[in-house]
1. Among SER156, SER102, rank each residue by its count of other Cβ atoms within 10 Å, from fewest to most, as a rough exposure measure.
2. Would you kindly state the longest site-free stretch of the chain, with sites defined as trypsin sites (Lys or Arg not before Pro) in a DSSP loop (not H, G, I, E, B) surrounded by at most 14 other Cβ atoms within 10 Å?
3. If the only charges are +1 at each Lys and Arg Cβ and -1 at each Asp and Glu Cβ, what is the size of the charge dipole of the chain around the Cα centre, to the nearest 20 debye?
4. Summing -39500 (n - 2.57) over the DSSP H runs of n ≥ 4 in the chain and dividing by its residue number, what mean residue ellipticity at 222 nm do you reach, to the nearest 500 deg cm²/dmol?
5. Using a Förster distance of 30 Å, how high is the FRET efficiency between GLU136 and ALA218, based on the Cβ-Cβ distance and rounded to 0.05?
6. Give me the net charge for the shell around MET1: Cβ to Cβ below 15 angstrom, other residues only, Lys and Arg +1, Asp and Glu -1.
Amino acid sequence: MKPPIIVALDTTTAEEAVRLARLVADHVAGFKVGLGLLHGPGPGVVGAVARIGPVFADAKLHDIPSQVERAARRLGEYGARWVSAHAAGGTEMLEAAAAGVSAGARGAPAGVLAITVLTSLDEPATAAAFGRSPGELVARLARLAAQAGAEGVVCSPRELGVVAEVAPGVIRVTPGIRPDGEASDDQRRVASPREALERGADYLVVGRPITAAGDPAAAARSLAEALS
């Protein structure tokens, strides 16, 4: 079993994403291809990286069900292991996303990760936008995601216990991971890798602490060893 690390390949070019993926592949469980790559070089990056390891296509789908189904199907055809969709899009939309990625994958393992509340939002921000705390929102959205057939949810380390309580059958994918002493950058609800695992994370999404390191392979190896 590889360490439960998904490296966020937040690069500007497909070539750099593939280079980084190859450098760290021996020390991680997979890779995240986010909006910068999906809307820059394009979704073909998913296919290129999928030849190295499992890909979480962080497309953050949120549209009418028919459009989401088509987009998820296409990403599944490229080889995405997971595709993200906003749980706030509702049950029918999440069901369409799950059906789409499964059809596109043609029998290969593929599923939806439902995004609950972005880790860049803190309690004042969610109160202003939704009138609820992050924990309250995550609980509601995680329950909905599980009922809609999402394979997992994306949540901050701080809400992992909430998800385990309301949706115990889903996998928990956690961004906002910062090793002790690392800057939080634009993340607000963060935790150290060890703390996130102790709270119940199944996968840790780690970007800059690995990709911005002088030696990404050494950084990935060091984090993997710290989690073993």
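1. Working: SER156 28, SER102 20.
So the residues, fewest neighbours to most, are SER102, SER156.
2. With a cap of 14 other Cβ atoms within 10 Å, the longest stretch comes to 107-228.
3. For the chain, the charge dipole is close to 400 debye.
4. Computed ellipticity for the chain at 222 nm equals -13000 deg cm²/dmol.
5. Details: r = 41 Å, r/R0 = 1.36.
For R0 = 30 Å, the calculated efficiency reads 0.15.
6. Result for the neighbourhood of MET1: -2.
Every number here is computed from the coordinates shown, using simple stated rules; none is lab data. Keep in mind it's a predicted model, so treat the numbers as computed, not measured. Note that we place each Cβ from the backbone using ideal geometry, even for glycine, and neighbour counts take in every protein chain shown.
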